[in-house]
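Visitor: Pasting a structure here, questions to come.
The values are calculated or read from the model by the stated rules, or taken from the named source; none is laboratory data. Small disclaimer: the values here were computed from a predicted structure and weren't measured. So basically every Cβ, Gly included, is an ideal-geometry build from the backbone, and we count neighbours across all protein chains shown.
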Amino acid sequence: MTVGVVANPASGRDIRRLVARASVFPTAEKANMVQRLLTAFGTLGVERAMVSTDLGGISANVLRAVDRSRDNQWPKVEFCTDDPLTGTVADTANAVRRMVTAGARVIVCLGGDGTARVAAAACGDVPLLALSTGTNNTFPQLREATVAGLAAALVATGQVDATTRATALEVTARGRTELALVDVCASTSRHVGARALWDPAGLTELFCTFAEPDAIGLSSVAGLLAPSPRTTPDGVAVRLAPPERARMVVNAPIAPGLVRPVGVDEIRPLHPGERVVLRLRDGVIAVDGERELELAGHEATVTLRADGPRCVDVAAVLAEAARRELLSTRKESQR
Amino acid sequence: MTDTLPRPVEGGLDENRLREAYRVMRTIRMFEERVHDEFATGEIPGFVHLYAGEEASAAGVCAHLDQRDAIASTHRGHGHCIAKGVDVKAMMAEIYGRTTGSCHGKGGSMHIADLSKGMLGANGIVGGGPPLICGTALAAKLQQTGGVGVAFFGDGASNQGTTLEALNLAAVWNLPAIFVAENNGYAEATSSTWSVAADNIADRAAGFGMPGVIVDGFDFFAVYEAAGEAIARAREGGGPTLIEVKFTRYFGHFEGDQQSYRADEVANARANLDCLSRFRARVVETGQLRQSTLDQVDAEVTTLVDDAVTEAKAAPKPTRADLETDVYVSY
């Protein structure tokens with residue numbers, strides 16, 4: 001019985017450290033999180049953990065810990081070493097595919113929204129548990145890895161079945177398709193450049209799978225005007241405009257450290273299966289907060305899909321475990 | 001529909017500036033490829049370390065700099081010199097060791113400097129640049145010129161005490177200094193994945209309380225955006241930034257390097273990642289520059305580099321009488 005752990009060495013390193021004082025998530029802490037997951041897995045009888053490899057130092061750190069560990073509760077740790085490392089998003093996708101092929105029952109993903117969407121596109125029907133070690137963390141949860149590890153193990157060992165199906169946005173342009181778990185945004189910026197999107201000037205359209213008023217990132221624009229919870233199938237479509245001309249203006253936390261006025265002309269529900277052709281042709285498309293697709297005059301479409309990744313609901317799993325006393329033992333009274 | 005909307009980030013990159021950025025990158029590429037060829041003839045004295053493949057870093061950073069600003073370079077310095085405006089013909093003459101060179105033919109490739117352009121010099125000392133930049137940045141801060149200092153250094157230099165001390169000094173004095181770690185993957189023949197603890201050089205910024213970011217060094221626009229933010233922040237008194245640009249150098253560590261330590265990454269980078277090819281494709285398809293404009297630049301640069309080599313070869317070498325000029329102390 002196997003659980004996969006994929007950790008992105010590059011998450012939390014982009015230009016938002018500079019423009020928005022975003023947090024830095026050190027490699028050593030990512031490696032510590034993997035070790036805390038391993039401890040939780042071992043406690044609940046996970047036999048094998050498949051861990052991604054990287055050149056950023058996370059897998060090296062975990063390997064040293066495996067060699068030196070006196071914690072014999074850890075599951076057998078195998079590293080995904082069959083694919084050459086590229087230093088790109090392909091490393092995350094390749095590792096997740098290997099874990100799926102090897103029969104992983106749950107895949108835990110350490111990264112930000114960008115990492116989670118790559119893992120989600122590769123994990124098929126295997127439940128995903130995305131933990132936050134990135135910048136714009138709307139999709140991954142900011143949770144203690146030990147607790148997340150317990151939840152992952154309870155699902156993987158079949159003791160609790162508490163997963164929910166997330167929705168996803170599929171964006172296609174110039175023959176390329178990307179999956180977004182939170183938002184797709186069009187910007188008049190011409191180039192992907194430093195990738196992150198931190199300047200609200202030139203934003204034209206925004207699509208969200210869900211929109212929470214307490215979210216960080218572009219989805220907060222919709223979340224503060226027309227909240228749409230994760231649990232509903234509908235998403236949100238927003239037409240944006242420069243604040244001085246817009247019908248509404250939202251002061252939105254569009255990135256850590258950045259609260260900016262964003263102009264909104266129209267906001268409406270986006271229905272599953274609905275395919276929208278973007279109005280913008282001359283600009284870029286950002287996926288979960290990162291500029292990915294340069295349009296250069298081409299058409300782009302966005303579709304809300306109901307069949308996003310299956311996600312482990314950590315709170316629900318542990319609530320169920322508590323109700324059924326799965327982590328508890330009652331002793332006979334001594335008296 | 002988008003004509004009336006503001007375009008973020010590249011607002012400052014109009015047609016002229018895009019063309020000049022391309023000219024800088026193309027000049028560096030042609031200069032380096034020509035030096036590569038000419039070095040093989042044995043006419044060029046000393047060592048040369050070529051910058052081809054890394055052009056987007058020098059061009060993307062220096063596009064934001066002006067006369068107030070100073071840069072410090074590495075032994076792989078030709079690209080930085082060209083991007084900061086050092087005369088290309090004087091550079092070539094310097095590499096050939098001629099009196100018409102930037103340093104009268106006495107420095108060679110590794111010591112090209114032009115203080116009038118704010119170019120403090122290529123530097124034979126690994127990690128030699130960052131402390132110099134703390135000096136120029138302190139001067140700019142005290143004299144309130146609004147100037148910044150930029151230190152380019154490599155992954156090897158990132159492990160040098162001088163670099164780490166300079167990062168600390170820049171942070172405690174809140175200097176308008178930008179540290180550009182050019183990580184081309186190898187310190188001479190040693191892989192940075194083996195030699196750099198913490199692996200990402202940018203991660204070290206957190207230890208000095210300054211922002212550290214990683215950008216794609218093959219992408220002019222990525223470097224331009226990150227450098228623009230860091231330099232604007234420094235000019236406004238926001239303090240230093242560490243930017244790590246990651247890419248691959250196309251030639252060996254030095255000319256003559258057998259490169260037995262690396263495999264096919266150069267062929268892949270040239271084919272799929274090349275900063276000049278990507279820049280050309282993108283500005284043409286977005287309609288920002290015409291193909292013919294870029295071809296024109298290529299032709300002008302070809303002539304410039306040809307002339308630079310011809311003139312360098314024809315120029316005189318220093319004589320015994322020049323031995324006691326350009327020295328601090330004459331005996």
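Visitor: Output the number of the condition that B:Thr190 fails; it satisfies all remaining conditions of (1) more than 10 Å from every other protein chain (Cβ to nearest Cβ); (2) farther than 30 Å from B:Asp37 by Cα.
Guide: B:Thr190 satisfies every listed condition except (2).
Visitor: Kindly provide the set of residues from the stretch A:134-143 that are closer than 29 Å to A:Leu326 by Cα and crowded, with 24+ Cβ neighbours inside 10 Å, ordered by number.
Guide: Restricting attention to the stretch A:134-143, the residues satisfying the condition of being closer than 29 Å to A:Leu326 by Cα are A:139-143.
If the condition is that a residue be closer than 29 Å to A:Leu326 by Cα and crowded, with 24+ Cβ neighbours inside 10 Å, then A:Phe139, A:Pro140 are the ones that fit.
Visitor: On the given criteria, is A:Arg239 touching a Pro at 6+ places or on another chain (Cβ under 7 Å), within 14 Å of chain B (Cβ to nearest Cβ) and not aromatic (Phe, Trp, Tyr)?
Guide: Answer is no for this residue.
Visitor: Something else about it: Residue check: is A:Thr146 out of contact with any Phe, Trp or Tyr (no Cβ under 6 Å at 6 or more places or on another chain), surrounded by fewer than 24 Cβ atoms within 10 Å (Cβ to Cβ) and not assigned by TED's automatic domain parsing to the domain that holds A:Gly12?
Guide: In short, no.
Visitor: Just one of B:Ala308, B:Ala312 is closer than 23 Å to B:Cys103 by Cβ, over 20 Å from the mean Cα position of the chain (by Cα) and either surrounded by fewer than 18 Cβ atoms within 10 Å (Cβ to Cβ) or not aromatic (Phe, Trp, Tyr) (or both); which is it?
Guide: B:Ala312
Visitor: Could you check the stretch A:1-32 and list, in sequence order, the residues that are within 17 Å of the chain's Cα centre (by Cα) and more than 30 Å from A:Gly193 (Cβ to Cβ)?
Guide: Within the stretch A:1-32, A:Gly4, A:Val5 meet the criteria.
Visitor: In the stretch A:62-98, what residues are of a type in the set (Val, Ile, Thr) and out of contact with any helix residue (DSSP H, G or I) (no Cβ under 7 Å at 6 or more places or on another chain)?
Guide: A:Val66, A:Thr81, A:Thr86, A:Thr88
Visitor: Can we say B:Tyr250 is more than 28 Å from B:Gln143 (Cα to Cα), away from every other protein chain (no Cβ under 12 Å), among the hydroxyl-bearing types (Ser, Thr, Tyr) and buried (at least 19 other Cβ atoms within 10 Å of the Cβ)?
Guide: For B:Tyr250, the condition - more than 28 Å from B:Gln143 (Cα to Cα), away from every other protein chain (no Cβ under 12 Å), among the hydroxyl-bearing types (Ser, Thr, Tyr) and buried (at least 19 other Cβ atoms within 10 Å of the Cβ) - is met.
Visitor: Which one of these is under 17 Å from the mean Cα position of the chain (by Cα), polar (S, T, N, Q), closer than 20 Å to A:Val100 by Cβ and modelled with pLDDT under 95: A:Thr164, A:Thr133?
Guide: Exactly one residue qualifies, and that residue is A:Thr164.
Visitor: Pairs, please: C-beta under 9 Å, at least 6 apart or cross-chain, first residue outside any strand (DSSP E or B) and in the stretch B:131-157, second of a type in the set (Phe, Trp, Tyr)?
Guide: B:Ile133/B:Phe179; B:Cys134/B:Trp173; B:Ala137/B:Trp173; B:Leu138/B:Trp173; B:Lys141/B:Trp173; B:Asp155/B:Tyr186; B:Gly156/B:Tyr186
Visitor: Any idea which residue in the stretch B:171-193 is surrounded by the fewest Cβ atoms within 10 Å (Cβ to Cβ), counting only those that are in a loop (DSSP other than H, G, I, E, B) and of a type in the set (Gly, Ala, Ser)? Outline the logic, then answer.
Guide: Step one: of the stretch B:171-193, the residues in a loop (DSSP other than H, G, I, E, B) are B:173-176, B:184-185, B:188-189.
Retained after the next criterion (residues that are of a type in the set (Gly, Ala, Ser)): B:185, B:189.
Working: B:Gly185: 18, B:Ala189: 13.
My answer is B:Ala189.
Visitor: Quick check on my filter: what residues within the stretch A:279-313 are more than 14 Å from every other protein chain (Cβ to nearest Cβ), crowded, with 22+ Cβ neighbours inside 10 Å and over 19 Å from A:Thr115 (Cα atoms)?
Guide: A:Val302, A:Leu304 - these are the residues of the stretch A:279-313 that are more than 14 Å from every other protein chain (Cβ to nearest Cβ), crowded, with 22+ Cβ neighbours inside 10 Å and over 19 Å from A:Thr115 (Cα atoms).
Visitor: Test each condition in (1) surrounded by fewer than 16 Cβ atoms within 10 Å (Cβ to Cβ); (2) basic (Lys, Arg); (3) farther than 27 Å from B:Met110 by Cα; (4) touching a residue at least 12 places away in the same chain (Cβ under 8 Å) for B:Arg270 and report the one that comes out false.
Guide: Only one criterion in (1) surrounded by fewer than 16 Cβ atoms within 10 Å (Cβ to Cβ); (2) basic (Lys, Arg); (3) farther than 27 Å from B:Met110 by Cα; (4) touching a residue at least 12 places away in the same chain (Cβ under 8 Å) is unmet by B:Arg270, namely (3).
Visitor: What do you reckon, is A:Ile267 surrounded by fewer than 23 Cβ atoms within 10 Å (Cβ to Cβ) and within 29 Å of A:Arg195 (Cβ to Cβ)?
Guide: In short, yes.
To keep it simple, each residue is scored yes or no on (1) without any contact (Cβ under 8 Å) to a residue 60 or more places away in the chain; (2) out of contact with any helix residue (DSSP H, G or I) (no Cβ under 8 Å at 6 or more places or on another chain); (3) away from chain A (no Cβ under 14 Å); (4) surrounded by fewer than 24 Cβ atoms within 10 Å (Cβ to Cβ).
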{"site": "B:Glu20", "(1), (2), (3), (4)": "yes, yes, yes, yes"}
{"site": "B:Ile28", "(1), (2), (3), (4)": "yes, no, yes, no"}
{"site": "B:Tyr51", "(1), (2), (3), (4)": "no, no, yes, no"}
{"site": "B:Ala58", "(1), (2), (3), (4)": "no, no, yes, no"}
{"site": "B:Gly79", "(1), (2), (3), (4)": "yes, no, yes, no"}
{"site": "B:Val88", "(1), (2), (3), (4)": "no, no, yes, yes"}
{"site": "B:Met92", "(1), (2), (3), (4)": "no, no, yes, no"}
{"site": "B:Thr99", "(1), (2), (3), (4)": "no, no, yes, yes"}
{"site": "B:His104", "(1), (2), (3), (4)": "no, no, yes, yes"}
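Visitor: Can you tell me how many residues in the stretch B:286-328 are within 14 Å of chain A (Cβ to nearest Cβ), in contact (Cβ under 8 Å) with a residue 60 or more places away in the chain and among the polar types (S, T, N, Q)?
Guide: 1
Visitor: What is the residue count in the stretch A:13-30 for residues that are surrounded by fewer than 24 Cβ atoms within 10 Å (Cβ to Cβ), more than 7 Å from chain B (Cβ to nearest Cβ) and under 20 Å from B:Gly238 (Cβ atoms)?
Guide: 3
Visitor: Let me ask you something else. Identify all residues within the stretch B:194-239 that are over 22 Å from A:Ser23 (Cβ atoms), part of a helix (DSSP H, G or I), in contact with a strand residue (DSSP E or B) (Cβ under 8 Å, 6 or more places away or on another chain) and more than 10 Å from chain A (Cβ to nearest Cβ); write none if there are none.
Guide: Those that are over 22 Å from A:Ser23 (Cβ atoms), part of a helix (DSSP H, G or I), in contact with a strand residue (DSSP E or B) (Cβ under 8 Å, 6 or more places away or on another chain) and more than 10 Å from chain A (Cβ to nearest Cβ): B:Ser195, B:Ile231.
Visitor: Just the residues that are surrounded by fewer than 21 Cβ atoms within 10 Å (Cβ to Cβ) and within 14 Å of chain B (Cβ to nearest Cβ), please, taken from the stretch A:164-187.
Guide: A:Arg174
Visitor: Quick one: in the stretch A:284-335, of everything that is among the basic types (Lys, Arg) and in a loop (DSSP other than H, G, I, E, B), which residue is farthest from B:Gln288 (Cα to Cα)? Can you show your working first?
Guide: First pass over the stretch A:284-335, keeping only residues among the basic types (Lys, Arg): A:291, A:305, A:310, A:323-324, A:330-331, A:335.
Okay, now just the ones that are also in a loop (DSSP other than H, G, I, E, B), so A:324, A:330-331, A:335.
Details: A:Arg324: 64, A:Arg330: 73, A:Lys331: 76, A:Arg335: 86 Å.
If we take residues in the stretch A:284-335 being among the basic types (Lys, Arg) and in a loop (DSSP other than H, G, I, E, B), then A:Arg335 is farthest from B:Gln288 (Cα to Cα).
Visitor: Let me spell it out: the conditions are (1) over 23 Å from the mean Cα position of the chain (by Cα); (2) at pLDDT 95 or above; (3) within 12 Å of chain B (Cβ to nearest Cβ); (4) surrounded by 24 or more Cβ atoms within 10 Å (Cβ to Cβ), and A:His191 meets all of them except one. Which number is the exception?
Guide: Here A:His191 meets the rest and fails (2).
Visitor: Also: Of the residues A:Glu290, A:Glu299, only one is touching a strand residue (DSSP E or B) at 6+ places or on another chain (Cβ under 9 Å), at pLDDT 95 or above and of a type in the set (Asp, Glu); which?
Guide: A:Glu299 is the lone residue from the list that is touching a strand residue (DSSP E or B) at 6+ places or on another chain (Cβ under 9 Å), at pLDDT 95 or above and of a type in the set (Asp, Glu).
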